Amino acid sequence: MKEKEIVFCRLRAQGKTVSQAAEQAGYSDKYGETLSKRKEIQHEILRLLEEQRKDGIADDTDILQFLTSVMKGDAYIEKNDSIMKDRMKAAELLGKRQNAFEQTETKNDVVVIVDDISKRKV
């Protein structure tokens, strides 16, 4: 992809219209319409949108880092206790949703197959 096309895709992913994205990327409105119909452009815009969506959601590591900072007292910059309670509840709900607090047990059960059927000739 050309640099201008990448800029066009980023602008579209940020919510700009086809005309705005084309103009800001250095293309005409008409060419912006042509660009937006190309498969590789559509895939890149979808990839960028998915990336933005993932960046907006806290993952297991974010939750655990926050909870650790609260435990150590680093997160008590805020003076309002209700804000901290809300943040803790949000972290707890996110952690439960993502099963961040589940302990995984690894069992090494071995299945033994015993061939106890006598061999008979029929």
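The values are calculated or read from the model by the stated rules, or taken from the named source; none is laboratory data. Just so you know, these numbers come straight off a predicted model, no measurement behind them. Please note: Cβ atoms are built from the backbone with ideal geometry, for glycine as well, and neighbour counts cover all protein chains shown. Side chains included, ligands, DNA and RNA excluded: accessible areas come from the protein's heavy atoms. Shrake-Rupley method; radii C 1.70, N 1.55, O 1.52, S 1.80 Å.
For the reader, a short list of remarks on this structure follows.
- The number of residues in the range 36-71 that are closer than 17 Å to Met88 by Cβ and open to solvent by 70 Å² or more (accessible area, probe 1.4 Å) comes to 4.
- Hits in the range 10-22 (condition: out of contact with any Leu (no Cβ under 6 Å at 6 or more places or on another chain) and open to solvent by less than 10 Å² (accessible area, probe 1.4 Å)): Ala22
- The range 84-95 residues that are closer than 18 Å to Asp59 by Cβ, paired with ones that are open to solvent by less than 90 Å² (accessible area, probe 1.4 Å) and of a type in the set (A, V, I, L, M, F, W, C) (beta carbon under 7 Å, 6 or more apart): Met88/Val70; Ala91/Ile63; Ala91/Phe66; Ala91/Leu67; Leu94/Ala58; Leu94/Ile63; Gly95/Ile63
- Of the helices (runs of 4 or more DSSP H) lying entirely inside the range 7-85, those containing at least 3 residues that are farther than 22 Å from Lys96 by Cα and at pLDDT 90 or above are 18-25, 29-36, 39-55.
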